[in-house]
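Below you'll find the structure, written out as structure tokens, and then a few comments.
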Amino acid sequence: MSAPRLEINLQKLHHNARTLVKRLAGQGIAVTGVSKATLGMFEIVHTWLGAGVGSIGESRIETIEALVRSGITVPLLLVRSPMLSQVERVVASASISCNTDLGVLNALAAAAKQQGRRHGVLLMVELGDLREGILPADLESVAQQILAMANLQLMGIGTNLGCQNGIAPDAQNMGDLSRLTTALEQRFHLTLPWCSGGNSANLPWLAAGGDPARINHLRLGEALLLGREPLHRTAIPGLHTDAISLVAEVIEATHKPSQPWGERGRTSFEGSPSAPRREGSSQRVQRALLALGEQDVDPAGLIPPRGTVIRGASSDHLVVESPGQLLAVGDEQRYELSYSALLRAMTSPFVDRCLVDGSIIAPSARCR
């Protein structure tokens, strides 16, 4: 097998999805599976749908168009606000889109009228994380204008927390979302299908006994794919954290000094792990280079196997120390991934994607 490669265990992904769908259904919450970190990989989307996920979310219209071409017929949610330049494509392929801007909404309505379609709108509300969302004080006015647009359907309101500033869902902001939903329904004498509480960051709050109240919908990606919640990177009980792993090949293995020498300046990737300054004299350590770097993955998001420590990364190399394991050139190492590491690895043309079923590895579209 070629390396680097992502090995994807569909059985474990099915388990994660089925577990969360059943767990949340008990609280009256439906799941949109957000596949953007996988570029809408068909095999994963198909697995989620088989596990009970009812709709799919993507951030880019190109991926939604590809899902439509592949035969996916469930509702497709554009989770990023549409670009004004793409409204015709959004209406043609996405069932629903998250929105905050009246200019875009008017353009969506015009495109929907021209195409003879009705497009769903999830109106996003700002509740503290300061990414997308209209302010709560403007909600009634914007909703009223959407309801006047014949070719748009107001599917509900939603919010996003945890992604920009790490603001956690709690009783206050989730209660605010529920109260806003109820207020809109009473004001306009309607029933909104969705009160969308957020993403995988909502799961710890719910697990701790948080009252969902009106919340009946979540947009989940990281929890389904990696079995973790994003705020503290902790594993979610009952889920697999290794459903997707990254395998890299050793291209150098030798003993080297533990500390660099010479005058030290800046590196090209200031945010990458780097060899620490250690007190005392340099010692010789078992060190290896892997054919993996910033162009392939977010090195800071790699979770190494036990006994291995990541000491540095550049564009094409990962530097590790492995005192507990004697590595040789040609050996492979397997890493678990954070969400950022998974997203970058999936996007890299240099990382293959392979489906794994027990001991059998089947080639996927990009697995040579």
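Can you pull out every residue in the stretch 209-236 that is surrounded by fewer than 20 Cβ atoms within 10 Å (Cβ to Cβ), in a loop (DSSP other than H, G, I, E, B) and outside the structural domain of Cys98 (by TED's automatic domain parsing)?
Selection gives Leu231, His232, Arg233, Thr234.
Counting only residues that are of a type outside the set (S, T, N, Q) and more than 24 Å from the chain's Cα centre (by Cα), how many does the stretch 319-356 have?
Total satisfying the criteria: 12.
All but one of (1) farther than 21 Å from Gln86 by Cα; (2) more than 25 Å from the chain's Cα centre (by Cα); (3) among the charged types (D, E, K, R) hold for Arg117, so report the exception by its number.
So the condition that Arg117 fails would be (1).
When you look at Ala143, is it over 24 Å from Asn216 (Cβ atoms), surrounded by fewer than 23 Cβ atoms within 10 Å (Cβ to Cβ) and among the aliphatic types (A, V, I, L, M), yes or no?
The answer is no for Ala143.
Could you tell me whether any residue of the stretch 296-307 is more than 25 Å from Ser59 (Cβ to Cβ), at pLDDT below 95 and either of a type in the set (D, E, K, R) or loosely packed, with under 13 Cβ neighbours inside 10 Å (or both)?
yes
Return the residue satisfying two criteria in turn: it lies in the stretch 111-141 and is in contact with an Asp or Glu (Cβ under 9 Å, 6 or more places away or on another chain) and assigned to a helix (DSSP H, G or I), and of such residues it is farthest from Val79 (Cα to Cα).
Here the answer is Gln114.
Is one or more of the residues making up the stretch 73-80 surrounded by 21 or more Cβ atoms within 10 Å (Cβ to Cβ), of a type outside the set (Val, Ile, Thr), more than 19 Å from Leu192 (Cα to Cα) and touching a helix residue (DSSP H, G or I) at 6+ places or on another chain (Cβ under 9 Å)?
no
For every residue, the table says whether it meets (1) touching a residue at least 24 places away in the same chain (Cβ under 8 Å); (2) within 19 Å of Leu218 (Cα to Cα); (3) within 17 Å of the chain's Cα centre (by Cα).
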site	(1), (2), (3)
His15	yes, yes, no
Leu20	yes, yes, yes
Leu24	yes, yes, no
Thr32	yes, yes, yes
Thr38	yes, yes, yes
Trp48	yes, yes, yes
Gly52	yes, yes, no
Gly57	yes, yes, yes
Arg69	no, no, no
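Taking the condition of being modelled with pLDDT under 95, hydroxyl-bearing (Ser, Thr, Tyr) and closer than 22 Å to Pro304 by Cβ, how many residues in the stretch 336-368 meet it?
Here the count works out to 0.
Any residue that is crowded, with 16+ Cβ neighbours inside 10 Å, farther than 24 Å from Gly166 by Cα and more than 33 Å from the chain's Cα centre (by Cα) - is there at least one of those in the stretch 240-255?
Within the stretch 240-255, one or more residues are crowded, with 16+ Cβ neighbours inside 10 Å, farther than 24 Å from Gly166 by Cα and more than 33 Å from the chain's Cα centre (by Cα).
Looking at (1) in contact (Cβ under 8 Å) with a residue 12 or more places away in the chain; (2) not in a loop (DSSP other than H, G, I, E, B), which is the only condition Leu239 fails?
Every condition holds for Leu239 apart from (2).
Is the stretch 87-104 home to any residue that is free of Cβ contacts under 8 Å to residues at least 12 places away in the same chain and not in a helix (DSSP H, G or I)?
no
Across the stretch 142-175, what is the total count of residues that are in contact with a strand residue (DSSP E or B) (Cβ under 7 Å, 6 or more places away or on another chain), part of a loop (DSSP other than H, G, I, E, B) and more than 19 Å from Ala213 (Cβ to Cβ)?
Qualifying residue count for the region: 1.
Would a scan of the stretch 332-345 turn up a residue that is basic (Lys, Arg), outside the structural domain of Arg60 (by TED's automatic domain parsing) and assigned to a helix (DSSP H, G or I)?
Of all residues in the stretch 332-345, those basic (Lys, Arg) come to 334, 344.
Filter once more, so that each one left must be outside the structural domain of Arg60 (by TED's automatic domain parsing): 334, 344.
From what's left, assigned to a helix (DSSP H, G or I): 344.
There is at least one residue in the stretch 332-345 that is basic (Lys, Arg), outside the structural domain of Arg60 (by TED's automatic domain parsing) and assigned to a helix (DSSP H, G or I).
Looking only at the stretch 260-278, decide whether some residue is at pLDDT 95 or above and buried (at least 16 other Cβ atoms within 10 Å of the Cβ).
No, there is no match, as no residue in the stretch 260-278 is at pLDDT 95 or above and buried (at least 16 other Cβ atoms within 10 Å of the Cβ).
Checking Ile44 against (1) closer than 27 Å to Ser338 by Cα; (2) β-branched (Val, Ile, Thr); (3) part of a loop (DSSP other than H, G, I, E, B), only one condition comes out false. Which one?
Evaluating Ile44 over (1) closer than 27 Å to Ser338 by Cα; (2) β-branched (Val, Ile, Thr); (3) part of a loop (DSSP other than H, G, I, E, B) leaves (3) as the failure.
It is to be established whether one or more residues within the stretch 19-27 are modelled with pLDDT of 95 or more, hydrophobic (A, V, I, L, M, F, W, C) and under 22 Å from Leu302 (Cβ atoms). Please lay out each step first, then the result.
Kept after step one, since they are modelled with pLDDT of 95 or more, are these residues of the stretch 19-27: 19-27.
Then keep just the ones that are hydrophobic (A, V, I, L, M, F, W, C); that gives 20-21, 24-25.
Remaining after also requiring under 22 Å from Leu302 (Cβ atoms): none.
Looking through the stretch 19-27, none of the residues is modelled with pLDDT of 95 or more, hydrophobic (A, V, I, L, M, F, W, C) and under 22 Å from Leu302 (Cβ atoms).
For Glu332, work out the one condition from (1) touching a helix residue (DSSP H, G or I) at 6+ places or on another chain (Cβ under 9 Å); (2) of a type in the set (Asp, Glu); (3) farther than 26 Å from Gly40 by Cα it doesn't fulfil.
All conditions are met except number (1).
Sort out which residues of the stretch 47-71 are surrounded by fewer than 22 Cβ atoms within 10 Å (Cβ to Cβ) and assigned to a loop (DSSP other than H, G, I, E, B), and write them in order of number.
Ala51, Gly52, Gly54, Ser59, Arg60, Ser70, Gly71
The values are calculated or read from the model by the stated rules, or taken from the named source; none is laboratory data. From a predicted model like this one, the values you see are computed outputs, not experimental measurements. Positions of Cβ are backbone-derived with ideal geometry, glycine not excepted, and every protein chain shown enters the neighbour counts.
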